[in-house]
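Structure first, then comments.
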Amino acid sequence: MRIKGFSAMARNLSDVKFLTVAEVAETMRVSKMTVYRLIHAGELPAIRFGHSFRVPESAVQAAAGSHFEVGEEAAG
């Protein structure tokens, strides 16, 4: 198991809900390739199991919140 971009935010992994890349893409309404790019750029923490990545659900929520724009900022 290799951890990419994963800090001490979740020391007890049994408490973390992990999502597949496809689930993250569906949740964020982006392509799977975009999710892979975010992971490889270090913008989205993920754990690699063999050839697959798993992303903590809390990281998806944090990423969505940090990219969310409200009101006039989004329009301009």
Pairs, first among the charged types (D, E, K, R) in segment 20-38, second part of a helix (DSSP H, G or I) and loosely packed, with under 14 Cβ neighbours inside 10 Å, C-beta under 7 Å, six or more apart: Lys32/Ala22
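Being assigned to a strand (DSSP E or B) and polar (S, T, N, Q) is the filter; apply it to segment 20-56 and report the residue that is surrounded by the fewest Cβ atoms within 10 Å (Cβ to Cβ). Full working, then the answer.
Our first condition is that a residue be assigned to a strand (DSSP E or B); within segment 20-56, this holds for 20, 46-49, 52-56.
If we keep only those that are polar (S, T, N, Q) too, we end up with 20, 52.
Numbers: Thr20: 14, Ser52: 10.
Top of the filtered list is Ser52.
Of all residues in segment 41-65, which are of a type outside the set (A, V, I, L, M, F, W, C) and at negative phi? Walk me through how you get there before you give the answer.
At the first step, the residues of segment 41-65 found to be of a type outside the set (A, V, I, L, M, F, W, C) are 42-43, 45, 48, 50-52, 54, 56-58, 61, 65.
Glu43, Pro45, Arg48, His51, Ser52, Arg54, Pro56, Glu57, Ser58, Gln61, Gly65 - these are the residues of segment 41-65 that are of a type outside the set (A, V, I, L, M, F, W, C) and at negative phi.
Only the coordinates and a few stated rules stand behind these numbers; no lab work does. On a predicted model such as this, the values are computed, not experimentally measured, just so you know. All Cβ positions, glycine included, derive from the backbone under ideal geometry; neighbour counts span all protein chains shown.
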